[in-house]
Amino acid sequence: MANKSILVTGGAGYIGSHTVLQLLLGGFKTVIVDNLNNSSEIAVKRVKELAGDFGKNLVFHKIDLLDKPALNDLFSSTRFDAVIHFAGLKAVGESVHKPLLYYSNNIIGTVNLLEIMAKHGCKKLVFSSSATVYGWPKEVPCTEEFPLSATNPYGRTKLFIEEICRDIYCSDNEWKIILLRYFNPVGAHPSGYIGEDPRGIPNNLMPFVQQVAVGRRPALTVFGNDYSTKDGTGVRDYLHVVDLADGHIAALNKLSDLNIGCEVYNIGTGKGTSVLEMVSAFEKASGKKIPLIMAGRRAGDAEVIFASTDKAKRELKWSAKYGIDEMCRDQWNWASKNPHGYESSDSN
Ligand code: NAD
Ligand code: WQD
């Protein structure tokens, strides 16, 4: 697929920006569409710089997936070999309060994209699904065959979009679709030049920890220390974002296989780490003490979830290279160089 032209929706965002960099370094021509709803164009500029000579192969368009005519114009002017579709809203709590916003943005945005892709004969897709589709799994590790259930509107958008993808493949076997179920992406590019920069109060553990470390928040609230886990706190499968980005290149390569159909892969490390273990690894990497407030469980949280990674290893030839020490080292490198994210940077 190298030298091919790839459309990346949501490519200015956290996972998208890291993936675009790996695409450029792999020789792909890359076009981003993003409405910048949860991201900054500075990320795009930095990806271009990090890519060196390959940066010339990156084009950015500020387009909302709900603007179907604009998408159509883009596909009329540019031929794409495949699409990696990251664009979507992802805050679980917000989705509970604003379900229609999530259904509209995530589902209608995806349907628009798929319609325009079909119209222009581009039928190769990699979609960002999530481990959230396993709901509260009865056992771990989660294999791709586990029953699916959503516990909130955000998760339901992922479930519905997975089903939509299966349906379009059934209706037209020319489609080749890979659904990647990510576990918990953390960390940043080792340069410390791009990373996660959420708007508002972070929902996820590591962005919150990072803001405590740089003094933006006084303490981390630990949601529950009475689970049946090694230290009572929730266990997750944390995954370095650069490994995740590489997982997308592996998926794109897989799309060249004949008869791939619509396939799903877990993207995780297969290892479970507790909240306290993660905090302790971050303290070691940063030399900063993270004050903790022990609180009750967060509604909707699973106790333990981590991935079975066998299928991705076997069929995508992909497995994670980095462990939690590297994740925390790179998270801190990014945080310490950009304590207020992209907007505060002198090198804007
Ligand atoms: P992010 O918010 O950093 O990136 C998403 C990008 O999509 C943002 O740049 C946003 O501006 C853009 N966007 C949103 N709606 C859009 C629209 N209608 N039109 C155009 N652009 C739009 O999030 P991320 O962490 O990089 O996540 C990327 C994808 O991966 C999302 O689909 C998310 O649901 C999924 N995912 C994320 C995680 C995680 O923990 N970060 C885990 C599993 C799955
Ligand atoms: C991890 C652990 C918390 C914050 C979410 C989405 C999921 C996926 C990844 C997109 C849990 C604990 C957290 C805090 C804490 N996203 N925690 N204090 O819940 O596994 O998954 O992000 O698809 O859909 O649900 O990740 O980072 O929020 O939490 O104690 O301030 O950290 O209870 O045990 P989660 P998380």
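The values are calculated or read from the model by the stated rules, or taken from the named source; none is laboratory data. Worth saying up front: this structure is predicted, and the values here are computed from it rather than measured. Quick reminder, even Gly has a Cβ in these numbers, built from the backbone with ideal geometry, and neighbours come from all protein chains shown. Each accessible area value is taken on the protein alone, full model and side chains, heavy atoms only, with ligands, DNA and RNA left out. Shrake-Rupley method; radii C 1.70, N 1.55, O 1.52, S 1.80 Å.
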For segment 46-59: of the residues being touching a Phe, Trp or Tyr at 6+ places or on another chain (Cβ under 9 Å) and within 22 Å of residue 187 (Cα to Cα), which is surrounded by the fewest Cβ atoms within 10 Å (Cβ to Cβ)?
49
Look through segment 1-41, keep the residues that are more than 12 Å from ligand 1 (Cβ to nearest atom) and of a type outside the set (A, V, I, L, M, F, W, C), and return whichever of them is nearest to residue 75 (Cα to Cα).
5
Conditions: (1) more than 11 Å from ligand 2 (Cβ to nearest atom); (2) assigned to a helix (DSSP H, G or I). Residue 154 meets all but one. Number of the miss?
(1)
Members of segment 287-301 found to be open to solvent by 10 Å² or more (accessible area, probe 1.4 Å) and either of a type in the set (A, V, I, L, M) or farther than 23 Å from residue 136 by Cα (or both), listed by number:
287, 288, 289, 291, 292, 293, 294, 295, 299
In segment 48-55, is there at least one residue being near ligand 1 (Cβ under 9 Å from one of its atoms) and either farther than 22 Å from residue 178 by Cα or in a helix (DSSP H, G or I) (or both)?
no
If I filter segment 181-190 for residues that are hydroxyl-bearing (Ser, Thr, Tyr), more than 11 Å from ligand 1 (Cβ to nearest atom), open to solvent by 10 Å² or more (accessible area, probe 1.4 Å) and in contact (Cβ under 8 Å) with a residue 12 or more places away in the chain, do I get at least one hit?
no
Failed condition for residue 103, given (1) touching a helix residue (DSSP H, G or I) at 6+ places or on another chain (Cβ under 7 Å); (2) open to solvent by less than 50 Å² (accessible area, probe 1.4 Å); (3) not in a loop (DSSP other than H, G, I, E, B), with all others met?
(2)
Pair list, Cβ under 7 Å, 6 or more apart: segment 90-113 residue over 24 Å from residue 71 (Cα atoms) and within 11 Å of ligand 1 (Cβ to nearest atom), other residue modelled with pLDDT under 95 and not small (Gly, Ala, Ser):
91/203; 92/203
Select, from 71, 65, the only residue that is in a helix (DSSP H, G or I), buried (at least 19 other Cβ atoms within 10 Å of the Cβ) and in contact (Cβ under 8 Å) with a residue 40 or more places away in the chain.
71
Condition test on residue 229, is it more than 29 Å from residue 8 (Cβ to Cβ), among the β-branched types (Val, Ile, Thr), open to solvent by 10 Å² or more (accessible area, probe 1.4 Å) and not in a loop (DSSP other than H, G, I, E, B)?
no
Exactly one condition in (1) open to solvent by 40 Å² or more (accessible area, probe 1.4 Å); (2) free of Cβ contacts under 8 Å to residues at least 60 places away in the same chain; (3) within 10 Å of ligand 2 (Cβ to nearest atom) is false for residue 174; which is it?
(3)
Looking for something away from ligand 2 (no atom under 14 Å from the Cβ), part of a loop (DSSP other than H, G, I, E, B), open to solvent by 20 Å² or more (accessible area, probe 1.4 Å) and under 29 Å from residue 208 (Cα atoms) - is there at least one such residue anywhere in segment 276-286?
no
Any idea which of 333, 259, 253 is modelled with pLDDT under 95 and surrounded by fewer than 21 Cβ atoms within 10 Å (Cβ to Cβ)?
259
In segment 302-317, which residue that is assigned to a loop (DSSP other than H, G, I, E, B) and away from ligand 1 (no atom under 16 Å from the Cβ) is surrounded by the fewest Cβ atoms within 10 Å (Cβ to Cβ)?
317
When the residues of segment 1-40 are narrowed to those that are open to solvent by less than 20 Å² (accessible area, probe 1.4 Å) and in a helix (DSSP H, G or I), which ends up farthest from ligand 2 (Cβ to nearest atom)?
24
Quick one: how many residues across segment 157-201 are charged (D, E, K, R), assigned to a loop (DSSP other than H, G, I, E, B) and over 27 Å from residue 275 (Cα atoms)?
2
Please go through segment 191-219 and give me each residue that is open to solvent by 30 Å² or more (accessible area, probe 1.4 Å), more than 14 Å from ligand 1 (Cβ to nearest atom) and in contact (Cβ under 8 Å) with a residue 60 or more places away in the chain, ordered by number.
191, 193, 214, 215, 216, 218
Kindly list, by first and then second residue, each pair from a residue in segment 267-282 that is in contact (Cβ under 8 Å) with a residue 60 or more places away in the chain to a residue that is within 15 Å of ligand 1 (Cβ to nearest atom) and polar (S, T, N, Q), limited to pairs with Cβ atoms under 9 Å and residues at least 6 apart or on different chains.
268/184; 282/210; 282/331
